[in-house]
Amino acid sequence: MRNSNATRRAAAGSLSVFVGMAAAFGSGLGAPAFAADSATLSGIILGVGANETQRIVTWYSSADTSQSIQLAPTARLTDGEFPADAATIAAIGGANVAASGGFNRHATLTGLAEETGYSYRVGAAGSWSPTYSFTTQDFEGDYDFLFYGDPQIGASGNLADDTAGWVDTVNVSLAANPDAELLVSGGDQVETAGNESQWTAFLTPDQLRQYPWAATIGNHDVGSKAYEQHMFTPNTDYSGALYANGNPASNTSGGDYWFFHKDTLFIDLNSNSYATSQGGGGDEAHLAYVSKVIKEQGAKAKWTVLVYHHAIYSPAAHAKDGDAKVRRNDFPTAFSNLGVDLVLQGHDHAYSRSYSIKNGAKENPAEQPGATEVFPGPGGVIYVTSNSASGSKYYDITTPDAGGTNGPDPLNPGSYWYNSVQNQEHVRNYTKVKVRNDKLVVETVRSSASANAPVGSLVDTVTVHPYHGNDQQIQVNVPTGAPGEFGWTIDGYNGLVDLGTAQEVNGEYFAASGTINPILVTDSRRSLAPWSVSASVGDFVDGDKSFSGSYLGWAPKVITAGAGAIAGPVAPSAYTGGGDGLSVSRGLASAQQGHDRGSAKVGADLDLKIPGEVDKGSYRTTLTITALSS
């Protein structure tokens, strides 16, 4: 009997006054029923939730109707049909801006179990979308995520080509990494913020409904509400300071958000807002947000990863932009002081990986270009800038300035001083990050072939080792324990209790007493969930004669302590105590959440008082025991 209720029925037999034992239970939760007018559903995307137990699904609807997500473990679908008790989560949303048309909806899936395949669909009865599936992984330990730079669908002027390149990169990357747990955006999903044809093209890959997408706002996404309509994100601060123009009500997108995945804290910024002269809070507002999140959440994180669109360390034309220089002045020291490990950036459509940067300078002047192992000290941060994931646009690497913030690398004068690796081959890339207990491995991979290297070959790889200080640290991995079991058995040879022959008392009633055979309750589950055991009886029957089970009362007791067992309250016989006796379910024993694991032996003294007018006979009834647990 594992992690659930259990059913056991004991044998029964005839005695003068007899109680036999049986166990039974059953329960079910039906899905809420609802109906809505037919709506055309589109733009479905699976997004990250606040942690690995959640996902957020967002979509467009042609009609303003009540809609939901229906969710069930895939193994419970029969011929593609959802079970009657599939979870139904109500969606919320509103009207899209006029340029987008229609309506947007989103709903959050919570309480997901690890290592489980799920199926879901959106809409309403009679107007459901197709069914999509995703799989959760182990909620502890190592994992991989994939980072994609600037699909910017439509940037080449050929929507079909851009879409094909994007689809191919997604296919190549996930064929090589089917167990990747997150898809992380570098921003610029589309070329024109409010162009819904480009958004539809971006959403073409079915994998965007199968793997959670961690969205990022790029400069080509920001000029419309379409980004926010398509991608609802968790823990998002939509205050005016985090919008470029300071106005969340305007037809622009904005906001910063954070989420956890296992031991990694991800923080995503709207880097379009960087100067207070635009109306927003600028970089100062972002730094206040990052500081607050890390102060409140950072103690739970083994790794901290920041994501934003506008690269501050990159190799192409945008490296010399004025806004990049502003952020390069504002961000690095704060990121070093806050203990950030990795920063993922887009915007420059060329690949680079920085040296370990501390307080806006190269941490170790002796770190060699292209080093494949890096050992940042306290405050050392690695910055990665992605190339195009779709091939819609590439920027050529530019020449460093003679000096200043964009000067050359003394060890490699053709590169900027901050870049350990620069690459532009005009081929599509994606970056794989392996998150391990003792390191981050960052691999950038070709998703299209170059002149000299095939699809799947590495552009760059680096292993980032965390700083441990001068102390030795001890680490141990605790594996997933057996889920354990909860159950009960009769502690005796059989399930029969013989109360013998009842004795007449003062010519008023007959009395009999005894004890039930003890019940052995065992709970070895890791969840330490609450449990309870209760029981009731039916009428005592002898042929066509009977009397009510309410005349049987009991006094529960814990015979052998364990498993957090607490005896239930006394239930007197209805003859002397009034009420219903054991004709209604009464608690035998229970335990609260967090109780000790182990076993307990519980029982009850029985008190039967039968009205004097009951006919002579040999009566029997059945004691039905119900065991419940979360």
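The values are calculated or read from the model by the stated rules, or taken from the named source; none is laboratory data. The structure presented is a predicted model; accordingly, all values stated were derived computationally and were not measured. Please note: Cβ atoms are built from the backbone with ideal geometry, for glycine as well, and neighbour counts cover all protein chains shown. Each accessible area value is taken on the protein alone, full model and side chains, heavy atoms only, with ligands, DNA and RNA left out. Shrake-Rupley method; radii C 1.70, N 1.55, O 1.52, S 1.80 Å.
Structure notes:
- Helix 159-176 and the longest principal axis of the C-alpha atoms of the chain enclose an angle of approximately 60°.
- Remark: the range 238-244, residue by residue, has Karplus-estimated 3J(HN,Hα) of 9, 5, x, 4, 9, 10, 4 Hz, where x stands for each Gly or Pro and the curve is 6.51 cos²θ - 1.76 cosθ + 1.60 at θ = phi - 60°.
- Volume of the convex hull of the range 199-337 (Cα atoms only), normalised per residue: 125 Å³.
- Backbone phi angles across the range 439-451, fed through the Karplus curve with coefficients 6.51, -1.76 and 1.60 (θ = phi - 60°), yield HN-Hα couplings of 5, 10, 10, 10, 10, 9, 10, 7, 9, 9, 7, 9, 5 Hz in residue order; Gly and Pro are listed as x.
- Extension reserve of the Gln592-Thr560 stretch, reckoned as 0.36 nm per residue once the Cα distance is removed: 9.8 nm
- Residues Asp263 and Ser513, FRET efficiency given R0 of 56 Å [Cβ-Cβ distance, rounded to 0.05]: 0.40
- Interchain or long-range residues, amide H under 5 Å from Leu109's placed H: Arg55, Ile56, Val57
- Ranking Ser390, Ser527 from most to least accessible surface, computed with a 1.4 Å probe over the protein chains only, gives Ser527, Ser390.
- Taken per residue, the accessible surface of the chain reaches 40 Å², heavy atoms only and a 1.4 Å probe.
- Whole-percent carbon and sulfur share, accessible surface of the chain, 1.4 Å: 49 percent
- Distances between placed amide hydrogens fall under 5 Å for Ser271 paired with His309, His310, all partners being 5 or more residues away or on another chain.
- Extension gain, Ser42 back to Ala275 (0.36 nm per residue minus Cα-Cα distance, nm): 80.3 nm
- Sites Asp237 and Arg436, calculated FRET efficiency, Cβ-Cβ separation with R0 35 Å, nearest 0.05: 0.70
- Each residue of the range 206-216 was assigned a 3J(HN,Hα) from its phi angle through the Karplus curve 6.51 cos²θ - 1.76 cosθ + 1.60 (θ = phi - 60°); the sequence is 5, 5, 6, 10, 10, 10, x, 9, 9, 6, 9 Hz, with glycine and proline shown as x.
- Applying 0.36 nm per residue to the separation of Asn364 and Ala160 and subtracting their alpha-carbon distance, the gain on full extension is 68.9 nm.
- Label-point separation, Ser133 to Glu284 (7 Å along Cα→Cβ), nm: 5.3 nm
- The chain shape via C-alpha gyration tensor axes, a/c threshold 1.5: prolate
- Ranked packing of 157-164, 183-190, 498-505, most packed first, by mean Cβ within 10 Å: 183-190, 157-164, 498-505
- Counted over the chain, the DSSP beta bridges are approximately 80% antiparallel.
- Globularity ratio of the range 371-438, using Cα Rg and 2.2 N^0.38 Å: 1.33
- Structure-based [θ]222 nm, the chain - -39500 (n - 2.57) summed over DSSP H runs of at least 4, per residue, nearest 500: -3000 deg cm²/dmol
- With the simple spin-label model, which puts each label point 7 Å out from Cα in the Cβ direction, the Asn329 to Lys292 separation comes to 2.6 nm.
- Under 13 Å from the Asp206 label point (7 Å along Cα→beta-carbon), backbone N, the range 128-165: 130-134
- A Förster radius of 45 Å combined with the Cβ-Cβ distance from Thr53 to Ser546 puts the calculated FRET efficiency at roughly 0.30.
- With the simple model of a label 7 Å out from the Cα in the direction of the Cβ, Ser197 to Ala371 spans 5.0 nm.
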